[in-house]
Amino acid sequence: MKDTFAKRLVNARRIRCLSQRELCSLLAGKVSSSAIEKYEKGLMMPSSDVLILISKALGFKMDYFFRPFAVAIDINNFEFRKQSSLGIKKVESIKCLVASEIEKYLEIENILGISKLFTLNYGNMLVETEDDAMQMAKRLRQDLNIGTDGITSAIELLECNGVKIIEVDADVKFSGACNMAGSIPVIVINKSMQAERKRMTIFHELGHLLMKFAKGVDEERLCTVFASEVLIPSEKFRGIIGEARHDISLVELQTIDREYGISVDALMAKAAQLNVITTKRYQSYFKKKNALPQFKRVVEMSLAGDERTTRFERLVYRALASELISTSKAASLLECPLETVRENLNLM
């Protein structure tokens, strides 16, 4: 129990981006920093009164601190890109949160016996050019049997194929990151982003996980091309917009946005990349957007359907409905009150 509590306390504190001293301050001086250090080393357990204080200060239910580690996830295995703008504390917070979410996800999959392995491996092709990245996108669509139609939910599609998508509250500078947790591909995205940006970020990060890049290429650019091609294949885009245009109406692009969940900005970038419009025309679009606030607001308005992760929650309720877990276990996994679980269960 001491070991479990110690590890959970460290994780909870890091998730909240707090040092031991800062946690001590939140506890109004009722617990010393040396006592917190002893708790985290497993040398001492807090009294029930102190445990309540710690639970409230960190915003975690008390049973969180005693939940056994059903699956071992080492946060040191996570090395996300784009760390510099976030700061060390926020990076550690994201790592601990991601590890905790994956641990719960794997636990419920093990209970249900439905773990899904990610089997795609594109390491046999070296990506050097935009055409290579587009070919990889077409290969992904073929492997996932999604044809050329719009993808209803990027998150649902990938989660059902073994990718774990974790949404986090993060600074606006952070859009996404990716890494492998053992054999499990993990994509982390900012929860507050619009649906179009989430979708582009998810496939951009998947590109980093799937593709093997030639030395010296612009990986970020190629991953963006890959993501754009996954969201709407170039032949489909050309079929709707045409082979060559001088002007494109906003209505045309908004229609594509609604069907394919890709932003107007990304569609204009795709039009330039495919030489449907000239580079000069693409640049003039951005000048107009930046010069006219009302036009900018309309262009950046989200038109795609809601994009959020729901699979984990569904699996928890499936296990509960199948009497494989208790209501209290479900509440612990979902980190919500018992009453909420009972209300939501609503057996048919």
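The values are calculated or read from the model by the stated rules, or taken from the named source; none is laboratory data. From a predicted model like this one, the values you see are computed outputs, not experimental measurements. Here Cβ is always computed from backbone atoms with ideal geometry, including for glycine, and neighbour counts include all displayed protein chains. Just the protein is used for accessible areas: all its heavy atoms, side chains included, with ligands, DNA and RNA removed. Shrake-Rupley method; radii C 1.70, N 1.55, O 1.52, S 1.80 Å.
Structure values in brief
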item: Eligible aspartates and glutamates near Lys212 by straight Cα distance, threshold 16 Å, same-chain separation 8 or greater; result: Glu128, Glu130, Asp131, Asp132, Glu220
item: Inter-site label distance for Ser115 and Glu22 at 7 Å from Cα along Cβ, in nm; result: 3.5 nm
item: FRET efficiency, 1/(1 + (r/R0)^6) with R0 25 Å, evaluated for Asp63 and Ser183 via beta carbons; result: 0.25
item: Those aspartates and glutamates that a straight Cα-Cα span of less than 20 Å connects to Lys116, excepting residues fewer than 8 apart in one chain; result: Glu101, Glu103, Glu107, Asp143, Glu156, Glu159, Glu167, Glu205, Glu313
item: Extension gain (nm, one decimal) between Tyr282 and Gln194, 0.36 nm per residue minus Cα-Cα; result: 29.4 nm
item: Nearby lysines by direct alpha-carbon distance to Lys30 (threshold 27 angstrom, same-chain neighbours under 8 apart not counted); result: Lys2, Lys7, Lys38, Lys41, Lys56, Lys61, Lys89, Lys90
item: Loop-located trypsin sites (Lys or Arg not before Pro) in the range 265-333, at most 16 other Cβ atoms within 10 Å (DSSP); result: Arg308
item: Angle between the chain longest axis and helix 48-58 axis [Cα atoms, degrees, rounded to 10]; result: 10 degrees
item: Rounded to whole Hz, the Karplus (6.51, -1.76, 1.60) HN-Hα couplings of the range 88-99, x for glycine and proline; result: 4, 4, 5, 4, 5, 4, 5, 4, 5, 5, 4, 4
item: Theoretical gain in end-to-end length, Ser249 to Leu126 [0.36 nm per residue, Cα-Cα removed]; result: 40.6 nm
item: For Ile166, distant residues with modelled amide H under 5 Å away; result: Ile187, Val188, Ile189
item: Label of the coordinate-derived value, semi-axes √(5λ) of the Cα gyration tensor in Å, listed as (i) 92, 28, 16; (ii) 27, 26, 23; (iii) 42, 23, 20; result: (iii)
item: Nearest-ten-degree value, helix 250-260 long axis tilted from longest Cα axis of the chain; result: 50 degrees
item: Point-to-point label distance, Ile240-Leu144, nm (Cα→Cβ direction, 7 Å offset); result: 1.7 nm
item: About the Cα centre, charge dipole magnitude for the chain (Lys/Arg +1, Asp/Glu -1 at Cβ), debye; result: 880 debye
item: Heavy-atom SASA rank of Thr152, Thr279 (probe 1.4 Å, accessible area, largest first); result: Thr152, Thr279
item: The range 263-292 residues near the modelled Val298 label - backbone nitrogen below 16 Å, point 7 Å along Cα→Cβ; result: 264-265, 285-292
item: Helix-only CD estimate at 222 nm, as mean residue ellipticity for the chain, using -39500 (n - 2.57) per DSSP H run (n ≥ 4); result: -16500 deg cm²/dmol
